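Trainee: Sharing a structure, written as structure tokens. Questions coming.
The values are calculated or read from the model by the stated rules, or taken from the named source; none is laboratory data. Because the structure is predicted, anything quoted here is derived from the model rather than measured. Reconstructed Cβ throughout: ideal geometry from the backbone, glycine too, with neighbour counts over all protein chains shown. What goes into the accessible areas is simple: the full protein's heavy atoms, side chains included, and nothing from ligands, DNA or RNA. Shrake-Rupley method; radii C 1.70, N 1.55, O 1.52, S 1.80 Å.
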Amino acid sequence: MRVTRLVAGGAAFGAGTLQVLEVFARGLWEAAGRSRVELLANLLGDGSVLFAAAAGAGLYLVVRGHLGSRERQVADLGGIVFGLAAFLALLAVVYDLFWILWGPVLYGQATVPAPSVISQVPFLAVWMGLLLAGAASVRASSLGGWRYLALGLALVSFPTPVVVAALTPLESGLGIRATGLPMLLPAGGWILAGSFLIGAKVPARAAGA
């Protein structure tokens, strides 16, 4: 279980770090106009979703043993959703890499943005997985502070950044995903979650769990 926590914590750190880099890449893209930086920003964003899905799956594995049968069914559904999110995010990353490497050769232009719908689906799947895992774990008193982690991540990932972006006239939005400075909120949340996953002690499993 310690290995699972370390891997999940590392993935959470990766998700937060890539989101921070995405913020800066999109800032450079807006300042310099359309360029390969746009494709790099897409890659960073989709990569962060891939890491977030892996971190969510690790968190699900950590808390699963503390759940009752009914809560475990809900958490298992969340685990399935995390797996789906990881698969879709991986496809998006491959798509982004394809256009970075071969897009300009095929079409003679520097950038071909990834379809926004493709990027939104794995992002929403991670959020849904966090909601399901959080709804199940919040009822497990034996988890202590761990039981609020998934729901906290769901709140800080979405809709909080979107609300902040809507209230900030200078910020832009990419579909339902906020970009610019509001994106630093979920980035900070994932980095803190990584610290918690790696450093916090997991409570002993409840009897019969």
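Trainee: Take V3 and tell me if it is open to solvent by 20 Å² or more (accessible area, probe 1.4 Å), among the aliphatic types (A, V, I, L, M) and without any contact (Cβ under 8 Å) to a residue 12 or more places away in the chain.
Mentor: Yes: the conditions hold for V3.
Trainee: Of (1) outside any helix (DSSP H, G or I); (2) modelled with pLDDT under 80; (3) open to solvent by 60 Å² or more (accessible area, probe 1.4 Å), A114 satisfies all except one. Which?
Mentor: Among (1) outside any helix (DSSP H, G or I); (2) modelled with pLDDT under 80; (3) open to solvent by 60 Å² or more (accessible area, probe 1.4 Å), A114 violates only (3).
Trainee: Could you please give the count of residues in the range 146-164 that are surrounded by fewer than 16 Cβ atoms within 10 Å (Cβ to Cβ) and of a type in the set (S, T, Y)?
Mentor: Of the residues in that region, 1 qualify.
Trainee: Kindly indicate the residue of the range 50-81 that is open to solvent by less than 10 Å² (accessible area, probe 1.4 Å) and over 20 Å from G144 (Cβ atoms) and also farthest from the chain's Cα centre (by Cα) among those meeting that condition.
Mentor: Here the residue is A53.
Trainee: Oh, and also: For the range 135-145: of the residues being surrounded by fewer than 24 Cβ atoms within 10 Å (Cβ to Cβ) and either of a type in the set (G, A, S) or within 18 Å of G47 (Cα to Cα) (or both), which is modelled with the highest pLDDT?
Mentor: Per the stated criteria, the residue is A135.
Residue-wise test of (1) closer than 27 Å to R139 by Cα; (2) touching a residue at least 60 places away in the same chain (Cβ under 8 Å); (3) not charged (D, E, K, R).
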site	(1), (2), (3)
N42	no, yes, yes
A52	yes, yes, yes
D76	yes, no, no
I80	yes, no, yes
A86	yes, no, yes
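Trainee: Moving on to the next point. Identify, please: which residue in the range 166-189 is open to solvent by less than 60 Å² (accessible area, probe 1.4 Å) and modelled with pLDDT of 75 or more and is, among those, farthest from the chain's Cα centre (by Cα)?
Mentor: So the residue we want is P182.
Trainee: So, one more: Specify the residue that is nearest to L124 (Cα to Cα); the eligible residues are those in the range 80-105 that are at pLDDT 85 or above and either among the aromatic types (F, W, Y) or in contact with a Cys (Cβ under 6 Å, 6 or more places away or on another chain) (or both).
Mentor: From the range 80-105, those at pLDDT 85 or above are 80-97; that's our starting set.
If we keep only those that are either among the aromatic types (F, W, Y) or in contact with a Cys (Cβ under 6 Å, 6 or more places away or on another chain) (or both) as well, we get 82, 87, 95.
Numbers: F82: 10, F87: 13, Y95: 18 Å.
Result: F82.
Trainee: What's the number of the only condition in (1) closer than 22 Å to G134 by Cα; (2) open to solvent by 10 Å² or more (accessible area, probe 1.4 Å) that F98 fails to meet?
Mentor: So F98 meets the others, but not (1).
Trainee: Search the range 190-202 for residues that are open to solvent by 20 Å² or more (accessible area, probe 1.4 Å) and pair each with any residue that is part of a loop (DSSP other than H, G, I, E, B) when their beta-carbon atoms are under 8 Å apart and the residues are at least 6 apart or on different chains.
Mentor: Between residues of the range 190-202 that are open to solvent by 20 Å² or more (accessible area, probe 1.4 Å) and residues that are part of a loop (DSSP other than H, G, I, E, B), the close pairs are V202/M1.
Trainee: Follow-up. Pick from G16, G45: which is open to solvent by less than 10 Å² (accessible area, probe 1.4 Å), part of a helix (DSSP H, G or I) and within 24 Å of K201 (Cα to Cα)?
Mentor: Step by step, each of G16, G45 is checked, and only G16 is open to solvent by less than 10 Å² (accessible area, probe 1.4 Å), part of a helix (DSSP H, G or I) and within 24 Å of K201 (Cα to Cα).
Trainee: Across the range 19-40, which residue is modelled with the highest pLDDT among those that are open to solvent by less than 70 Å² (accessible area, probe 1.4 Å) and aliphatic (A, V, I, L, M)?
Mentor: Ranking the qualifying residues of the range 19-40, first place goes to V20.
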